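Just so it is clear, none of the values below were taken in a lab; they were calculated from the coordinates. Source: prediction; values computed, not measured. As a convention, Cβ positions derive from the backbone with ideal geometry for all residues, glycine included, and neighbour counts pool all protein chains shown.
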Amino acid sequence: MKMDLTEDNPIVTIAVNVTSYDGEPFTQLWEVTVGGYVKGGATHRYFDELYCEVHHPVLWEYTLEQGELYFSGTVADSAALFQDLWQEHLKETDHWLSFGNFIECDRLITLKRRSGLLARGPVRLLQTYAACLDRHGVGWTIIGHRMPHGGSGKLKVLLMGSSYIIAEDFDFHRLS
């Protein structure tokens with residue numbers, strides 16, 4: 001895979017190694033023109049899966065309502081609550097989004113107080129955190145419910161293993 005994501009409409013070149021039914025290997029070369037590029041994250045040059053999605057955790061900051069989660073009440077066991085929040089975060093995001101992007105360590109210290117801001121982010125994820133607070137007997141409120149600025153409901157993500165590109169459109173052309 002070769003990616004240059006510095007242009008307005010970047011082009012990604014992908015070599016696909018294929019084995020035919022008769023066992024003969026061959027390579028297909030593809031060019032992907034990325035229209036309306038937003039963001040990309042490349043972690044590996046090689047990948048086993050290639051697919052597009054329109055409902056994926058890496059899109060949430062652009063496509064879902066955003067808000068803030070506040071808590072009120074005494075937390076009996078902040079370590080247990082932290083563990084619950086962490087595990088539910090991993091399940092909800094399928095390990096794609098960093099826990100620290102939404103709940104900072106300082107906010108976990110805040111749990112020792114009686115109220116405060118716990119998290120900022122997609123309301124969908126905040127509702128997952130709120131369910132954890134419920135299980136631990138802590139009150140909560142989500143405020144904001146605003147759509148992201150400049151976000152487009154038409155965004156897609158091209159997933160290549162653990163690498164991704166967020167854009168409005170992907171145009172695939174087979175070169176060989």
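Rg and Dmax of segment 91-131 over Cα atoms: what are they, in angstrom?
Rg and Dmax of segment 91-131, Cα atoms, are 10.6, 31 Å.
What percentage of all Cα-Cα pairs in segment 65-146 are separated by more than 21 Å? All intermediate terms of the calculation are to be shown ahead of the outcome.
Details: 546 of 3321 pairs.
For segment 65-146, the fraction of Cα-Cα distances above 21 Å is 16 percent.
For segment 1-97, what mean projected area does the convex hull of the alpha carbons give, in nm²?
10.1
Give me P(r) over the chain, computed from all C-alpha to C-alpha distances, binned every 5 Å, as integer percentages.
Bins of 5 Å from zero give 1, 8, 15, 16, 14, 11, 10, 9, 6, 5, 3, 2, 1, 0 percent of pairs.
What is the magnitude of the charge dipole of the chain about its Cα centre, with +1 placed on the Cβ of each Lys and Arg, -1 on the Cβ of each Asp and Glu, and no other charges, expressed in debye to the nearest 20? Intermediate values should be presented prior to the final figure.
On the way: 15 positive and 23 negative charges, 162 e Å.
In debye, rounded to 20, the chain gives about 780.
Pop the C-beta distance of E88 and L50 into the FRET formula with R0 = 30 Å and round what comes out to the nearest 0.05.
Efficiency computed from Cβ-Cβ geometry: 0.55.
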